[in-house]
1. Taking K81 as the residue in question, decide whether it is modelled with pLDDT of 75 or more, charged (D, E, K, R), open to solvent by 100 Å² or more (accessible area, probe 1.4 Å) and assigned to a loop (DSSP other than H, G, I, E, B).
2. Which one of these is at pLDDT below 80 and open to solvent by 90 Å² or more (accessible area, probe 1.4 Å): L66, L31?
3. Under the condition of being surrounded by 10 or more Cβ atoms within 10 Å (Cβ to Cβ) and either touching a strand residue (DSSP E or B) at 6+ places or on another chain (Cβ under 6 Å) or in a loop (DSSP other than H, G, I, E, B) (or both), which residue from region 84-107 is modelled with the lowest pLDDT?
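The values are calculated or read from the model by the stated rules, or taken from the named source; none is laboratory data. Since we're looking at a predicted model, the values are computed, not measured. Cβ sites come from the backbone with ideal geometry, for glycine too, and all protein chains shown count toward neighbours. Side chains are part of the model used for accessible areas, which takes the heavy atoms of the whole protein and leaves out ligands, DNA and RNA. Shrake-Rupley method; radii C 1.70, N 1.55, O 1.52, S 1.80 Å.
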Amino acid sequence: MPTFSSNPLNAPTYSKIFRKHPALFGVPFVLIIVGASFGLQQFTQTRYDLHAQKVTALSKEQELGLTQNRKKFDIREEYFKLSAAAAEEWEPKRIERPKGLPEWGVPPPEPP
């Protein structure tokens with residue numbers, strides 16, 4: 001039994017061209033990728049410019065002297081201040097147990 005040929009009778013012309021010259025498909029693809037990279041460069045540059053404007057606006061506030069009147073923050077000092085306040089206000093308080101439950105040990109087998 002004869003095998004079928006790999007070349008169809010009515011093959012599209014672009015299929016023959018791409019088989020003969022594969023660069024006709026690859027080169028435009030690479031050009032689109034590179035062109036998109038340059039196009040996205042404008043958007044990323046805008047993002048970094050906006051961030052730089054925010055930073056310069058903050059430095060203008062610093063020039064006005066808003067940070068001069070502030071007390072320096074020390075994390076250890078705040079920790080000791082909070083731990084001392086918690087130790088002074090805390091006292092152990094016992095809660096009432098539901099009726100039928102013993103003070104210590106296993107609860108009774110019947111529900112209360």
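1. no
2. Result of the check over L66, L31: L66.
3. Here the answer is P107.
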